[in-house]
Structures are given as structure tokens and as C-alpha cells.
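Asks: First the structure, which I've put down as C-alpha cells, then a few questions once you've had a look.
No value in this document is a laboratory result; all are computed from the given coordinates. None of these values were measured; they are calculated from a predicted model. We place every Cβ from the backbone using ideal geometry, glycine too, and count neighbours over all the protein chains shown.
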Amino acid sequence: MKIIAFGGSNSQHSINKHFATYAASLFENADVEVLDLNDFAMPLFSVDVEKEIGQHETAKAFLAKIGTADLLVVSLAENNGNYSVAFKNIFDWSSRITKEVFQQKSMLLLATSPGTRGGASVLEIANNALPRYGAQIKATFSLPAFNANFDLEQNKISNAELDIELKDIIKSGF
């Protein structure tokens, strides 16, 4: 099984990229490729820019990566209760090429943040919206209080109860 994983942030130290990487590592016998949204930087989407340059080649490259996956593991960063600008920009450019951005791929949709809600707002928005763009969301999971519940040195959830909960979701949903 080929997994494409990414955190929905362009932070060099993205906690969501760490979380997506960890979650993807829990799938047995999987070939995991972790994307960095910094590799898909484009000008801010607008119809005026699109009219000037057409479909952006970087958006085409992102869609091609999605196309190689059997499963997507996506952990979205929450900025002011919504998607990060980095994720939204890639999503906007890609959706102008095809509405099926996620190409009917199965998805484990995640979110985390330093706060106790763990990105719950963006997770709810994405869970409602992404299926309209070809995401087959099989399960969702929010990791609250990232700094208290994730060990960056070992790159894993340090809270045993939350770790078991995520592992149970993966065992039963995929």
C-alpha cells in the first residue's frame, strides 16, 4: 500500500507534519512518502493570476503525488479556526485543475495544535468539505495539546491512552 502523508502547514517545524508522519508509520507493510508543503509553494491563488499564467505546474505536481497514493494521511494545521494559508493555496490551485483534488482516495484526516481543542475546528470544516473534492474520509482523529501529548524526540504520541485510540482507529478503519 502506498501512503502519501503531509501536514497542512508550511512551518519548517510543523507539528502536523510530525503527527501525519507518525500516524502513517502505524500502517503495516506500507510505502510511506511524506510531502512537505514548502515543496509546493505557489503565488497566492487569484483568478487574475490564473488568467496570466494558467494552471500552475506545481499544482499539477501535487495532484500527481496524490494520484500515486492508495491512502492519504493528512493532518491539518489550524490557523484562526480554519485551514492554514499554505494548505488552502495548494488546494485552491489544484481544485482549478480538477474538482477531484483527492481523487477518491481513502483518507485518514487528522489535526493537532498546542491547544486543548487539538485543531477541532479545522477538522470539522475539512471533514464536511473535503469529500466534495474527492476525499474518502475513513476516520478522523484530533490530538489535543500537542506539546504535552507528543514526544518529538521519539516522534510518537506520548499519551498512552491517545496513542491506543489512534492505533485502534487505524486497525478498525483501514
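Asks: When both residues are 6+ apart or on different chains and their Cβ atoms are under 8 Å apart, which pairs have a first residue that lies in the range 89-107 and is closer than 15 Å to Arg132 by Cβ and in contact (Cβ under 8 Å) with a residue 24 or more places away in the chain, and a second that is of a type in the set (Ser, Thr, Tyr) and in a loop (DSSP other than H, G, I, E, B)?
Replies: Phe91/Tyr83
Asks: Separate question: Has the range 133-145 got any residue that is closer than 30 Å to Asp48 by Cα, exposed (fewer than 14 other Cβ atoms within 10 Å of the Cβ) and under 16 Å from the mean Cα position of the chain (by Cα)?
Replies: No - not one qualifying residue is present in the range 133-145.
Asks: Just to be sure before I move on: is Ala126 surrounded by 18 or more Cβ atoms within 10 Å (Cβ to Cβ) and closer than 17 Å to Val73 by Cα in the structure I sent?
Replies: So Ala126 fits the description; yes.
Asks: Surrounded by 20 or more Cβ atoms within 10 Å (Cβ to Cβ), assigned to a helix (DSSP H, G or I), basic (Lys, Arg) and in contact with a helix residue (DSSP H, G or I) (Cβ under 9 Å, 6 or more places away or on another chain), is that true of Lys17?
Replies: The answer is yes for Lys17.
Asks: Might you check whether a residue that is among the charged types (D, E, K, R), part of a strand (DSSP E or B), touching a residue at least 60 places away in the same chain (Cβ under 8 Å) and within 15 Å of Phe19 (Cα to Cα) occurs anywhere in the range 148-155?
Replies: no
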